[in-house]
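Colleague: Shown below is the structure under consideration.
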Amino acid sequence: MNAGYPLDLNPLITPEIRERFDESALTVPPTAKNGELDRVFENVTTFKLIYNKDLFKASGLDPEKPPATWQEMSDYAKQITASGGGQKFGLGLPVKQTALWRYYVIYPSAVSGDIMGREGWNAVTGKYDFSPFAKYVEWWIDVNKDGSVFPGVGTYDNDMIRAQFAEGNIGMLSAATWDIGVFNDQFPAKNDWAVADFPTWDATNM
């Protein structure tokens, strides 16, 4: 960047091209130099909350009303775990894999409006700031301590925890765009599951 290698794409983007794409696809990123369009994003990954509707029913929860706040998610997880007979748990957490950070901390903090940069980068100050992530990490520590997380935290990667969800042993997980294929083909789900917006602190989705 400092050497001036990136090409400014602005002169190449015609009005006809702009009409074909959503405005966000051709927006100058905050890290760009002097308003230059130095990259075009080729895809978008969406993260959502997936939940086991069968476990919701069995636990006395409304399967059509997924949690809207972090407090509700904590309460639901406790209720699912309490009625699970030591076999079913409210949440899963793939601590063994770095996917944990993106799935369960970075994306949730973005939809709650706590970060607007990439993985802790603050484009305004030009520095990394990981402090907004603290309350999310603390939340996961707390729900693990109260027994709401599938046991064996630290030994499960994302594939292993998704397999447990597919078997019907976990009530809620964070999932990415490609997980629709996972639960249809790689680990065919043995339960009725659904997709919802990820909870926020005040039920307001960014």
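The values are calculated or read from the model by the stated rules, or taken from the named source; none is laboratory data. Just so it is clear, the model here is predicted, and its values are computed rather than measured. Here the Cβ positions follow ideal geometry from the backbone for every residue, glycine too, while neighbour counts run over all protein chains shown. Surface areas here come from the heavy atoms of the whole protein model, side chains and all, with no ligands, DNA or RNA. Shrake-Rupley method; radii C 1.70, N 1.55, O 1.52, S 1.80 Å.
Colleague: Have a look at segment 1-145 and give its Rg and Dmax from the Cα atoms, expressed in angstrom.
Modeller: Considering segment 1-145 through its Cα atoms, Rg and Dmax are 20.7, 63 Å.
Colleague: Hey, can you rank 190-201, 160-171, 36-47 by average C-beta count inside 10 Å, highest first?
Modeller: The peptides rank, most packed first, as 160-171, 190-201, 36-47.
Colleague: Between K190 and S83, what FRET efficiency comes out of the Förster formula 1/(1 + (r/R0)^6) with R0 = 22 Å and r the beta carbon distance, rounded to 0.05?
Modeller: Calculated value: 0.75.
Colleague: Run lengths n ≥ 4 of DSSP H only: what is the helix-derived mean residue ellipticity at 222 nm for the chain, with -39500 (n - 2.57) per run over all residues, to the nearest 500?
Modeller: One gets -7000 deg cm²/dmol as the mean residue ellipticity at 222 nm.
Colleague: Now for a different question. Of all DSSP beta bridges located in the chain, what percent are antiparallel, nearest 5?
Modeller: Expressed as a percentage, antiparallel bridges in the chain total about 75.
Colleague: Hey, can you list the DSSP H helices of the chain whose Cα span along the axis is 15 Å or longer and whose average Kyte-Doolittle score is at least -0.5?
Modeller: Span-like helices here: none at all.
Colleague: Using amide H atoms built in the peptide plane, which far-off residues or other-chain residues are under 5 Å from F89 H to H?
Modeller: Amide H neighbours of F89, under 5 Å, 5+ apart: I170, G171.
Colleague: Here is a further query. Given a 1.4 Å probe, how much area per residue of segment 73-206 is accessible, in Å²?
Modeller: Here the residues of segment 73-206 average 49 Å² of exposed surface.
Colleague: If you plug each phi of segment 45-59 into the Karplus form 6.51 cos²θ - 1.76 cosθ + 1.60 with θ = phi - 60°, what whole-Hz ³J(HN,Hα) values come out, in order, with x for Gly and Pro?
Modeller: Going residue by residue, I get 9, 9, 10, 9, 8, 10, 9, 8, 5, 5, 5, 4, 4, 5, 9 Hz, with x marking Gly and Pro.
Colleague: Could you tell me what percent of the accessible area of segment 1-77 is made up of carbon and sulfur, with a 1.4 Å probe and every protein chain present?
Modeller: Looking at segment 1-77 in its full context, I get 52 percent from C and S.
Colleague: Here's something else I'd like to know. Translational D (Stokes-Einstein, µm²/s) of segment 79-161 at 25 °C and 0.890 mPa s when Rh comes from the Kirkwood sum over C-alpha pairs?
Modeller: 176
Colleague: A further question follows. If you look for lysine pairs in the chain that are eight or more places apart or on different chains, how many of them have Cα atoms under 22 Å apart?
Modeller: Lysine pairs, 8 or more places apart or on different chains, close enough: 29.
Colleague: Along the Cα-to-Cβ line of D22, 7 Å from the Cα, sits a label point; which residues in segment 91-132 have backbone N less than 20 Å from it?
Modeller: Once the point is set 7 Å along Cα→Cβ of D22, 103, 106-119 turn out to lie under 20 Å by backbone N, inside segment 91-132.
Colleague: Could you check which residue among Y136, Y128, Y76 shows the biggest mean-square fluctuation in a GNM of the chain with a 10 Å Cα cutoff?
Modeller: Its mean-square fluctuation being the largest, the pick is Y128.
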